[in-house]
Amino acid sequence: MTHSSATADAFRQEVRDWLEENCPQSQRQPAVAADQFWGGRSGSFPSEDARLWYERMRDKGWVAPEWPREYGGAALDAQQARIIKQEMKRINARTPLYGLGLWMLGPALLEYGNTSQKEQHLPAIVKAETRWAQGYSEPGAGSDLASLQCRAEEHDDHFLVNGSKIWTTAADRCDWIFCLVRTSTEGKKQEGISFLLIDMHSPGVSTTPIELISGESEFCQTFFDNVKVPRENLVGELNKGWSVAKALLVHERKLMAEIGSDSPRKVVSPREAAEQYLQKDDTGKLTNTELRSQLADYDMQMHAIGLTHMRCFEERQAGVRSPAPLVMKYLGTEAEKTKSELLLKIMGSRGLGWEGDSFTDEELDTLRLWAMSKAMTIAGGSSEIQLNVIAKSVLELPQE
Amino acid sequence: MPLVLNEEQRLLRDTSREFLQRSAPVAALRALRDERNSLGYQADLWAEMAEMGWACVTLPEAYGGLDFGFLGLGCVLEETGRTLTASPLFASAVLGSNTILFAGTESQKEHYLPRIATGELTVALALDESHHHAPADTGCTAQCNDEHAVISGRKVFVADGHSAELLLVVAEDQYGLGIYAIPENTPGLLRERTVMVDSRNAANLTLNAVTVPLSQRLGGTEDCAAALEQALDRGRLALSAEMLGLVEEVFERTVAYLKEREQFGALIGSFQALQHRAAQLQAEIELCRSVVMQGLSAIDDAPEQVPLTASLAKARLNDLAEWATNEAVQMHGGIGVTDELEIGFFLKRARVSMQMLGDTAFHRDRYATLSGY
């Protein structure tokens with residue numbers, strides 16, 4: 001055994017022991033939406049145990065294990081953070097704090113923010129004092145994100161922001177929003193964009209929820225009407241916001257590629273559904289040969305995707321570059337859609353209920369997730385955009 | 001289990017690539033085809049490959065092997081896939097030697113394996129009897145008494161069956177499933193070379209009361225069914241590694257063509273319709289690379305995972321090989337269907353590899369069964 005793997009094993013044992021002692025039993029089962037803690041001024045703990053669990057993780061620094069200690073992290077390396085994740089998963093421990101601040105803005109601020117920005121925002125995220133929304137897309141700027149129009153005019157000590165952002169997740173419950181805004185109309189369209197942090201409680205900010213085909217309205221449209229934003233809320237250089245955004249998109253895509261493993265609802269797997277909704281013959285084979293084939297195809301796909309996630313991790317550890325990370329968002333989200341369609345086929349008409357007592361919660365959730373899965377290959381860079389990126393960055397095919 | 005190559009493995013890959021591209025490029029296969037070479041591979045090339053230790057990469061040291069692991073062997077096989085090199089490497093040194101390794105008695109292993117390891121002896125496994133891989137259906141029979149076995153039946157699609165010096169013939173007998181080591185010139189054994197689309201070696205065998213000493217039965221009087229399955233899974237993973245190399249090569253050639261071919265005043269690689277198709281292939285190649293590496297690593301480190309990953313790998317590589325070679329031809333356009341361009345050799349080898357040791361339907365079914373449904 002190598003020195004590093006012995007150290008890793010010791011750390012794993014330490015994590016296991018600590019979790020055993022500190023994770024309340026009630027927090028060791030999958031979390032449905034109502035069980036999640038997102039923090040922020042309007043956030044509340046779903047239960048006393050959830051509060052206890054979050055506070056213990058926060059005090060340990062494991063809410064953001066890779067962040068520096070002075071910002072509320074535990075200064076661990078990627079391998080240690082992964083061990084914590086694996087050990088939490090092993091006992092089904094819930095994620096103690098959810099949020100775009102933790103997953104997306106934090107890593108971007110660590111890379112691009114100045115010291116006072118880090119000091120102001122990172123501890124507040126870990127302490128669950130602020131909940132963040134993302135302001136990227138606009139009604140006229142979806143896949144073509146760089147054509148965004150929301151304008152920030154420079155004044156002496158502040159910017160004046162006018163325009164709107166769409167698909168701002170839960171913006172009606174958020175305290176802050178990180179936005180891409182247009183600060184120049186000269187040169188290439190990517191070159192006039194800046195990255196701005198906006199307090200959602202500022203005068204002139206308003207938000208309306210959007211109802212989706214899933215019946216949910218997690219997403220909102222947010223409007224800015226002459227909103228005054230202090231100059232110190234600019235992250236990185238003026239007109240250089242595109243590079244911050246790109247770094248952040250990498251985090252978002254990674255997150256979306258992994259999202260299947262940490263879904264906000266209790267999700268039945270196609271294999272479990274097959275046991276429940278399909279018939280088997282005397283030898284234990286599913287009698288519906290067509291669905292049996294489709295199930296095996298899906299299982300093989302997920303098996304291969306899981307192995308590729310592992311390979312990406314090992315390559316990162318070994319310092320080996322490969323195209324694998326760039327294809328994961330495309331594959332992961334397409335597989336989520338395949339899974340939802342397969343579940344509906346396996347459940348038949350029982351998978352088509354919208355609401356009411358004629359259907360189990362699991363059946364109703366499956367249908368809603370099916371509708372939600374359609375957004376996954378659109379948000380965070382659509383599948384078509386992902387393929388463009390692979391063609392350009394991996395295959396280096398000529399651009400028009 | 002490692003999913004990245006270590007330094008020694010990378011070195012083996014690089015030296016294999018250099019050697020094969022110099023000594024056995026696709027043009028060498030074309031030459032063998034055009035001259036209707038009776039052996040079907042270059043004997044001196046095989047001697048060089050064996051000299052470099054390729055025939056004994058995974059064999060235990062006790063039998064003259066390097067015990068270097070399957071991930072290492074995979075590096076060599078991937079490169080032979082890139083060059084479509086015809087040699088006894090797969091049929092003899094992988095499938096044949098592992099069949100003896102799992103099914104043979106100690107003295108049989110000591111007798112055969114060191115000679116396979118040096119390339120001096122070539123063997124071939126004669127298993128299939130119908131036009132689809134079906135290891136559970138054996139019609140070939142062996143009647144055994146205390147001293148002899150009399151074997152009768154017919155075998156098809158025996159890889160390297162035409163040139164191997166020793167045939168490992170699978171037959172039902174009173175002990176269960178038997179595997180008999182039958183030298184090439186044994187009376188009653190008829191070999192008919194089949195000319196296959198990939199220009200590589202295969203043969204049909206007819207066994208008319210072939211009589212061999214009972215000592216030629218692998219494993220004494222043990223049932224060999226489980227041993228055969230283990231050897232087959234190693235063969236499936238090894239073949240998947242070769243297919244991965246084939247796919248990577250044909251795909252790289254295609255992408256290179258997209259960057260040089262002009263139509264409508266533009267490089268055709270700038271067309272989004274083609275870019276997306278190429279990007280989708282790249283994504284699938286990434287999955288297949290993980291699957292192959294995991295399967296090969298599992299042979300070395302986690303044998304209990306081998307059956308499932310072998311079926312996963314063979315099914316996925318079958319589908320990818322079909323897809324990638326078809327796209328290669330299509331994206332090359334008219335020149336893609338000429339014999340002059342080498343793309344056709346990849347297309348043809350892919351189809352033979354896809355049938356060998358189980359098509360996608362076979363392995364999807366097996367994956368489902370192993371998964372409990």
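Of everything listed in (1) outside any helix (DSSP H, G or I); (2) surrounded by 21 or more Cβ atoms within 10 Å (Cβ to Cβ), the single unmet condition for B:E260 is (2).
Only one of A:G73, A:G39 is in contact with a Pro (Cβ under 7 Å, 6 or more places away or on another chain), at pLDDT 90 or above, within 19 Å of A:H121 (Cα to Cα) and not acidic (D, E); which?
One residue alone meets the criteria, A:G73.
Screening B:T118, B:T85, B:T80 for residues that are surrounded by 24 or more Cβ atoms within 10 Å (Cβ to Cβ), polar (S, T, N, Q), under 30 Å from B:E249 (Cα atoms) and out of contact with any Lys or Arg (no Cβ under 7 Å at 6 or more places or on another chain) leaves exactly one candidate, B:T85.
Would you check if B:F90 is part of a loop (DSSP other than H, G, I, E, B) and either of a type in the set (F, W, Y) or outside the structural domain of B:F157 (by TED's automatic domain parsing) (or both)? Spell out the reasoning first.
Values: part of a loop (DSSP other than H, G, I, E, B): no; either of a type in the set (F, W, Y) or outside the structural domain of B:F157 (by TED's automatic domain parsing) (or both): yes.
So B:F90 does not fit the description; no.
Of the residues that make up region A:208-231, is at least one in a helix (DSSP H, G or I) and either within 14 Å of chain B (Cβ to nearest Cβ) or closer than 30 Å to A:R131 by Cβ (or both)?
Step one: of region A:208-231, the residues in a helix (DSSP H, G or I) are A:231.
If we keep only those that are either within 14 Å of chain B (Cβ to nearest Cβ) or closer than 30 Å to A:R131 by Cβ (or both) as well, we get A:231.
Scanning region A:208-231 turns up at least one residue that is in a helix (DSSP H, G or I) and either within 14 Å of chain B (Cβ to nearest Cβ) or closer than 30 Å to A:R131 by Cβ (or both).
Restricting attention to region A:381-400, which residues are of a type in the set (G, A, S) and under 20 Å from the mean Cα position of the chain (by Cα)? Outline the logic, then answer.
Taking region A:381-400 and keeping what is of a type in the set (G, A, S), we get A:381-383, A:391, A:393.
Across region A:381-400, the qualifying residues are A:G381, A:S382, A:S383.
Within region A:202-234, the residues that satisfy the criterion of being surrounded by fewer than 18 Cβ atoms within 10 Å (Cβ to Cβ) and acidic (D, E) are A:E211, A:E216, A:D225, A:E232.
For region B:270-295, a residue qualifies if it is buried (at least 24 other Cβ atoms within 10 Å of the Cβ) and either more than 12 Å from chain A (Cβ to nearest Cβ) or among the basic types (K, R) (or both), but none of them does.
Of the residues making up region A:308-335, those that are free of Cβ contacts under 8 Å to residues at least 24 places away in the same chain, surrounded by fewer than 22 Cβ atoms within 10 Å (Cβ to Cβ) and within 7 Å of another protein chain (Cβ to nearest Cβ) are A:M310, A:E314, A:E315, A:A318, A:V320.
Across region B:329-344, the number of residues qualifying as more than 14 Å from chain A (Cβ to nearest Cβ) and part of a helix (DSSP H, G or I) comes to 10. Each residue in region B:140-160 was checked for being closer than 14 Å to B:N204 by Cβ and free of Cβ contacts under 8 Å to residues at least 60 places away in the same chain, and 5 of them qualify. Here B:G188 fits the description: more than 17 Å from the chain's Cα centre (by Cα), on the phi > 0 side of the Ramachandran plot and of a type outside the set (V, I, T). When restricted to residues that are surrounded by 15 or more Cβ atoms within 10 Å (Cβ to Cβ), within 16 Å of A:G236 (Cβ to Cβ) and either among the acidic types (D, E) or more than 22 Å from the chain's Cα centre (by Cα) (or both), region A:144-180 contains 2. Against the numbered list (1) assigned to a helix (DSSP H, G or I); (2) farther than 17 Å from B:L296 by Cβ, B:Y41 comes up short only at (1).
Among the residues of region B:217-256, what is the count of those that are more than 11 Å from chain A (Cβ to nearest Cβ) and in a helix (DSSP H, G or I)? First the steps, then the outcome.
Applying the first criterion (more than 11 Å from chain A (Cβ to nearest Cβ)) to region B:217-256 yields B:217-250, B:253.
Within this subset, residues satisfying the condition of being in a helix (DSSP H, G or I) are B:225-250, B:253.
Total meeting the criteria: 27.
Taking the stated definitions as given, is A:L343 more than 12 Å from every other protein chain (Cβ to nearest Cβ) and touching a Leu at 6+ places or on another chain (Cβ under 9 Å)? Criteria met by A:L343.
Given B:S23, B:S16, B:S38, which one is outside the structural domain of B:L127 (by TED's automatic domain parsing), modelled with pLDDT under 95 and over 20 Å from B:R115 (Cα atoms)? Break it down stepwise before answering.
On the way: B:S23 fails: modelled with pLDDT under 95; B:S16 fails: modelled with pLDDT under 95.
Just a single option satisfies the conditions, and that option is B:S38.
Residue-wise test of (1) of a type in the set (D, E, K, R); (2) in contact with a strand residue (DSSP E or B) (Cβ under 8 Å, 6 or more places away or on another chain); (3) surrounded by fewer than 17 Cβ atoms within 10 Å (Cβ to Cβ).
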position	(1), (2), (3)
A:A74	no, no, no
A:I84	no, no, no
A:L105	no, yes, no
A:L109	no, yes, no
A:H121	no, yes, no
A:P139	no, yes, yes
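Sort through A:L248, A:L238, A:L255 and tell me the only one that's more than 14 Å from chain B (Cβ to nearest Cβ), assigned to a loop (DSSP other than H, G, I, E, B) and either farther than 26 Å from A:T95 by Cβ or modelled with pLDDT under 95 (or both).
Details: A:L248 fails: assigned to a loop (DSSP other than H, G, I, E, B); A:L255 fails: assigned to a loop (DSSP other than H, G, I, E, B).
Answer to the selection: A:L238.
Criterion applied to B:A313, B:A361 was being buried (at least 19 other Cβ atoms within 10 Å of the Cβ), part of a helix (DSSP H, G or I) and under 19 Å from the mean Cα position of the chain (by Cα), and the one residue passing it is B:A313. Looking across region A:385-398, just one residue is touching a residue at least 60 places away in the same chain (Cβ under 8 Å), within 17 Å of A:M256 (Cβ to Cβ) and within 7 Å of chain B (Cβ to nearest Cβ), and that is A:I390. When we screen A:A128, A:A75, A:A124 for residues that are assigned to a loop (DSSP other than H, G, I, E, B) and within 30 Å of A:R231 (Cβ to Cβ), the only hit is A:A128.
Does region B:345-358 hold any residues that are in contact with a helix residue (DSSP H, G or I) (Cβ under 7 Å, 6 or more places away or on another chain) and in a helix (DSSP H, G or I), and which are they?
Answer for region B:345-358, where residues must be in contact with a helix residue (DSSP H, G or I) (Cβ under 7 Å, 6 or more places away or on another chain) and in a helix (DSSP H, G or I): B:F345, B:F346, B:L347, B:R349, B:A350, B:S353, B:M354.
If we scan region B:49-65, do we find a residue that is closer than 19 Å to B:K348 by Cβ, part of a helix (DSSP H, G or I), touching a residue at least 60 places away in the same chain (Cβ under 8 Å) and not acidic (D, E)? No: region B:49-65 contains no residue that is closer than 19 Å to B:K348 by Cβ, part of a helix (DSSP H, G or I), touching a residue at least 60 places away in the same chain (Cβ under 8 Å) and not acidic (D, E). For region B:191-201, the tally of residues that are assigned to a loop (DSSP other than H, G, I, E, B) and either without any contact (Cβ under 8 Å) to a residue 60 or more places away in the chain or not small (G, A, S) (or both) stands at 7.
The values are calculated or read from the model by the stated rules, or taken from the named source; none is laboratory data. Bear in mind that the values here come from a model prediction, so they are computed numbers and not experimental data. Here Cβ is always computed from backbone atoms with ideal geometry, including for glycine, and neighbour counts include all displayed protein chains.
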